[in-house]
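Heads up: the structure comes next, in structure tokens.
The values are calculated or read from the model by the stated rules, or taken from the named source; none is laboratory data. These numbers were taken from a predicted model, which means no experiment stands behind them. For neighbour counting, all protein chains shown are included, and Cβ atoms are generated from backbone atoms with ideal geometry for every residue, glycine included.
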Amino acid sequence: MKSETPLYSLHERVWHWLQALAMILLILTGLAIHYPDRFGILGSLANAIRFHAWLGGALILNAFLGAFYHLTAEKYHHFLPRMDDFTGAAVRQARFYLYGIFRGEKHPLDLDPKRKLNPLQKITYLVLLNLLLPFQIVTGVLMWGADRWPDLFDRVGGLWLLGPAHTLGAYLFLAFLIGHIYLATTGPTPLALFREMTTGEGVE
Amino acid sequence: MSVPFPHFPVRAGARYALIALAAALACGSALAGDAPPPGARLPHPALVLKDDAGHNVLQSGRPISTRQTCGGDCHDYDFIANSFHFQQGKTEMDRSLLSSHGIAAFNSSPGMFGKFSIIPNRQLTHAGIASPDDADMSQPEWLTKCGGCHTGGGISEFDLRGHRFGSPDAKPSGPLDPSYTIRDREKGTVIPWDWEKSGIAEADCFLCHVPKASRAERKKETAAGNFRWANNATLSDTGIVTAGVNGVFTYNRAAFRPDGTVKPELLDLTDPTLENCAQCHGFTARNTTSIQPIQHADIMRGTEKAGWVFNGAKIRDTESPKIVGKDHMNYPWDVHAAKGMLCIDCHFSPNNPGRMIQEDPKKNLRYKPGTLDPAIYLKRPDHNFARGNIPPETVNVTRHNTMRSCGECHEAEKLHAFLPYKERHFQALACQTCHTPAVHFWAYRSDDWGFLMDTGTSRVTFRGIEGSIVDPESDVTGYKPAYIPTPDKSGHMKIRPTNLITGVYWFDKTKGRPVFTWQVQQAFFESLPEGGEWKYRPEIVKAFGDQDGIVDIPQAVFDTPQKIELVKGLLQKYGGVPDPELRIEVVPWAMSHNNVGKGQAVKECTACHARNSMLNRPLDLNTFLPRNVPVIYGGKRASVINYQGKQPSFDNRTLLGPFYIIGNSRSTFVEWLGWLAVAGSLLFSLVHGGIRAWKGRS
């Protein structure tokens, strides 16, 4: 049954899909940079590097706009876990995914516009948006600026540190993306949550 | 960089003459009304060829003395000869200088003087010889073996203590003095050298400054110990001299003018031409389709050791030798040669006002107006020519990086618009890495003195050729270089293409130096040949030979530790080496020539940024390399040989370790952790989704 109020506002949905698109393209171009002889997309490594840098810039801008929106619209609280989210609620959510979902149990949490994320999502996004994303942005920007700020680049360890660090972050993002897309199929129907994030129409 | 010359005696008359000459050089064409075309030059003034007493040789009939002819009132002979081309490191015999450049302690100088060279497996004169066993190549023997190229003067004129041979002070310090003795290789004794008979080899100015100089004729005389007439021999092809009997040269009167000066057009004194430099340093020519670097059947350094061909002609047009695939090579052997550049354009005299570097980086000056009087340069031209620093540069260390780097002539930033991260690339790569992607000529591959052939000498192999190097019908396939890190002018390590020459030799651990060739010969052979063949000792034939008692090339290998031990024992027994050790040394001979333009340069990113990067290309070393023996690289033990595969190859992974090459370098930890995370996420999704499907849950 459709809910009265969209679970995700237009701003949130646009932000989400832009971020998703940038991330997917960043991963693809990142693979083209990391394995240039196997993922020879975009014609050349130089093109992949240039496109990767533009996409990184777009993702940073979108992240900034997203942060601005969530702060000014006072929607940041969706991402802030409560103490219970780390303990009982998280356990209940995990139990649902690992057991209840197979028995057709009801989702432990009723999502509504004021409570959009389950405890595991909050914990995941807490790490993703506050640690992994900044980590990728910092390491990525430093590598992008290797010719612009060579002293700083070398002082922080140069490619020998930044390259593997950024690569590890990318792998973790890819792992997240796979899990995220899969879990998005766990709605009432496999595509229901995708539709909800696209049209804003909620599901029960 | 300018070289200060605050005080030196120039006689007033000579000074005015030099100034007048310099002014004429500068203004001559202006007086004619037209700007001189590029490369225009005025002829050298006519000169009198003088003997060592300062008399005109036309009257005396004695050998030409360059000290008197070129020196005297015009050029400062001793200043010129006090440079590396003449001294070969003798003036730099400083132990701390050697160690600071990583030169092995058994070498005496940062030059050929006192250096142990793996290719001839010989050591030129060194100080402190205490017994005949320590004597290898003395100064006189060096002149007979190497005097064809080495330009006389310096160590060809003065003994170890700086006394001029033939002068009253020039006396041997003892029976083993390497300045006054020579080793009798057959008898194994050290005997005196008669300098009175051989004469002195003064600096051979003609070898470099006369376009028709004949190194071959010079070599004949030095090899025969006829040093006195060597400089005359160099002029054999000019029509000025004629070889006579008993090594004496006569002068052709027709080559002289009535005033006793030699005809300038015959001598044709000039700046060194490509061909002058080519006589010793490797094949160079402005534009030729026939390349025969073995014209004198001996060492041609640059060409033999790395395949350098500084030639402006297109490879496609090469008529000899047979260059495989040349039809697709519609570009010159070297792009700089094709533009008409000469060796001296880069390797100039550092105080030549027309070419000298006039910047002062310490004061942040790109141009520091030169104050050097051209007359001073003409009087005292610095013959320590500008040079770079590429491996295995263990010579002339005090003059490294005195030439202009590529970026000081080319606007690299503007020329590489296509290249992302230009500065990073320029910092990590020598220009040659992309601009010398392949060598289309042959070069030395290995020189194995560990097992001597039945010619009494080493087994030499070449890369880039199928067949003999002296056979014009051999297919020259060329080779792709290996890559090593080398320091640039500012000390940054850059990846650079290189040839690799792998030597195998015996090391005398007691003496702390390589075993001399004559000692290895004593270990391998029953007797030295007297017109006949070398004869292996029975122990060698038994261990290495076939049933017929013949040691064939494929069998002449150290394929078991027992064979190494056997020769070690023979060296102890017959060679007088108490503690020998078989060693391998991999010597890089890096690329600085054979440059191609942008059309042929490497521009494909994945040439380097890929798992199979060209930077890790496994260049083959020597099919017959022994295993489990120390490997030396860069003067130190190093793990640079990969014994896997068909034949041993160069393994530069450790050397290139400090370079993180995107697309090529991997952190094993990150790769495992990263893909484990991805695989875990995927596996969870598949298993979880599978169970959901199985249970019929959405």
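Within region A:35-58, residues that are at the interface with another protein chain (Cβ under 7 Å from one of its Cβ atoms) and within 17 Å of B:ARG611 (Cα to Cα) reach partners that are among the basic types (Lys, Arg) and in a loop (DSSP other than H, G, I, E, B) with beta carbons closer than 7 Å, at six or more positions or on different chains, in the pairs A:ASP37/B:ARG611. For region B:325-383, the set of residues classified as under 20 Å from the mean Cα position of the chain (by Cα) and of a type in the set (Ser, Thr, Tyr) consists of B:SER349 only. Note on region A:103-126: among residues that are more than 14 Å from chain B (Cβ to nearest Cβ) and touching a Gly at 6+ places or on another chain (Cβ under 9 Å), the one that is farthest from A:MET197 (Cα to Cα) is A:PRO108. Of all residues in region B:592-610, those satisfying the criterion of being among the β-branched types (Val, Ile, Thr) and closer than 25 Å to B:PRO391 by Cα are B:VAL596, B:VAL602. What tally of residues in region B:389-431 results from selecting those that are more than 14 Å from every other protein chain (Cβ to nearest Cβ) and charged (D, E, K, R)? Count: 6.
Give the residues of region A:103-142 that are touching a helix residue (DSSP H, G or I) at 6+ places or on another chain (Cβ under 9 Å) and assigned to a loop (DSSP other than H, G, I, E, B), sorted by residue number. Passing the criteria: A:GLY104, A:GLU105, A:LYS106, A:HIS107, A:PRO108, A:LEU109, A:LYS114, A:LYS116, A:LEU117, A:ASN118. Contact map, region B:379-401: first residue farther than 19 Å from B:ALA482 by Cβ, second residue part of a loop (DSSP other than H, G, I, E, B) and modelled with pLDDT under 80, Cβ cut-off under 7 Å, separation 6 or more or different chains; pairs are B:LYS379/B:VAL10; B:ARG380/B:PHE5; B:ARG380/B:PHE8; B:ASP382/B:VAL3; B:HIS400/B:GLU393. Can you tell me which residues in region B:684-698 are more than 8 Å from every other protein chain (Cβ to nearest Cβ) and surrounded by 12 or more Cβ atoms within 10 Å (Cβ to Cβ)? The one that is more than 8 Å from every other protein chain (Cβ to nearest Cβ) and surrounded by 12 or more Cβ atoms within 10 Å (Cβ to Cβ): B:LEU686. Taken over region A:129-142, residues that are under 28 Å from A:ASP85 (Cα atoms) and either within 13 Å of chain B (Cβ to nearest Cβ) or of a type outside the set (A, V, I, L, M) (or both) amount to 5.
Does B:THR498 meet the test of being more than 27 Å from B:LYS568 (Cα to Cα), part of a strand (DSSP E or B) and in contact (Cβ under 8 Å) with a residue 60 or more places away in the chain? Criteria met by B:THR498. With the structure loaded, tell me whether B:LYS379 is more than 30 Å from B:GLY597 (Cβ to Cβ), away from every other protein chain (no Cβ under 14 Å) and of a type in the set (Lys, Arg) or whether it fails that test. Answer is yes for this residue. Taken as a whole, region A:99-110 holds no residue that is closer than 21 Å to A:LEU59 by Cα and at pLDDT below 95. Pick out, from region B:346-463, the helices (runs of 4 or more DSSP H) lying fully within it that include 1 or more residues that are under 30 Å from B:ASP620 (Cα atoms). The qualifying helices (runs of 4 or more DSSP H) are B:422-428, B:431-435.
Conditions tested, residue by residue: (1) in contact (Cβ under 8 Å) with a residue 40 or more places away in the chain; (2) surrounded by fewer than 22 Cβ atoms within 10 Å (Cβ to Cβ); (3) in contact with a Leu (Cβ under 6 Å, 6 or more places away or on another chain); (4) closer than 22 Å to B:PRO554 by Cβ.
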position	(1), (2), (3), (4)
B:SER446	yes, no, no, yes
B:SER458	yes, no, no, yes
B:ILE484	yes, no, yes, no
B:GLY512	yes, yes, no, no
B:THR517	yes, no, no, no
B:ALA523	yes, no, yes, yes
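Beta carbons closer than 8 Å, at least 6 apart along the sequence or on distinct chains, pair a first residue in region B:353-372 that is within 16 Å of B:CYS409 (Cα to Cα) with a second that is surrounded by 13 or more Cβ atoms within 10 Å (Cβ to Cβ) and among the charged types (D, E, K, R) for B:ARG355/B:ASP345; B:ILE357/B:ARG404; B:GLN358/B:LYS368; B:GLU359/B:LYS368; B:ARG366/B:GLU359; B:TYR367/B:GLU359. Applying the set (1) surrounded by 15 or more Cβ atoms within 10 Å (Cβ to Cβ); (2) more than 14 Å from every other protein chain (Cβ to nearest Cβ); (3) closer than 19 Å to B:ALA482 by Cα to B:PHE624 leaves exactly one unmet item: (3). Checking each residue in region B:670-683 for being under 54 Å from the mean Cα position of the chain (by Cα), of a type in the set (A, V, I, L, M, F, W, C) and facing another protein chain (nearest Cβ under 8 Å) picks out B:VAL670, B:LEU673, B:TRP675, B:ALA677, B:VAL678.
Among the listed residues B:GLY166, B:GLY225, which satisfies the condition of being assigned to a loop (DSSP other than H, G, I, E, B) and more than 29 Å from the chain's Cα centre (by Cα)? On inspection, the qualifying residue turns out to be B:GLY166. Among the conditions (1) touching a helix residue (DSSP H, G or I) at 6+ places or on another chain (Cβ under 7 Å); (2) outside any loop (DSSP other than H, G, I, E, B); (3) closer than 30 Å to B:ILE103 by Cβ; (4) not hydrophobic (A, V, I, L, M, F, W, C), B:LYS563 misses just one, which is (3). Residues of region A:49-83 that are farther than 17 Å from A:ILE33 by Cβ and among the aliphatic types (A, V, I, L, M): A:ILE60, A:LEU61, A:ALA63, A:LEU65, A:ALA67, A:LEU71, A:ALA73, A:LEU80, A:MET83.
Taking helices (runs of 4 or more DSSP H) as the structural unit, those lying wholly within region A:143-204 and holding at least 2 residues that are at the interface with chain B (Cβ under 8 Å from one of its Cβ atoms) and touching a residue at least 12 places away in the same chain (Cβ under 8 Å) correspond to A:158-183. Which of the residues belonging to region B:609-655 are part of a helix (DSSP H, G or I) and not hydrophobic (A, V, I, L, M, F, W, C)? B:ASN616, the sole residue that qualifies. Against the numbered list (1) hydrophobic (A, V, I, L, M, F, W, C); (2) surrounded by fewer than 21 Cβ atoms within 10 Å (Cβ to Cβ); (3) away from chain A (no Cβ under 14 Å), B:ALA607 comes up short only at (3).
Among the conditions (1) within 12 Å of chain B (Cβ to nearest Cβ); (2) assigned to a helix (DSSP H, G or I); (3) in contact with a helix residue (DSSP H, G or I) (Cβ under 7 Å, 6 or more places away or on another chain), the only one that A:GLY100 does not satisfy is (3). When B:PHE516, B:PHE525, B:PHE558 are screened for being within 35 Å of the chain's Cα centre (by Cα) and within 20 Å of B:ASN622 (Cβ to Cβ), only B:PHE558 passes. All conditions in (1) touching a helix residue (DSSP H, G or I) at 6+ places or on another chain (Cβ under 9 Å); (2) crowded, with 16+ Cβ neighbours inside 10 Å; (3) modelled with pLDDT of 95 or more; (4) not aromatic (Phe, Trp, Tyr) hold for B:THR242, with the sole exception of (2). Restricted to region B:383-408, and to residues that are more than 24 Å from B:VAL586 (Cα to Cα) and out of contact with any helix residue (DSSP H, G or I) (no Cβ under 8 Å at 6 or more places or on another chain), which residue is surrounded by the most Cβ atoms within 10 Å (Cβ to Cβ)? Among them, the one singled out is B:THR402.
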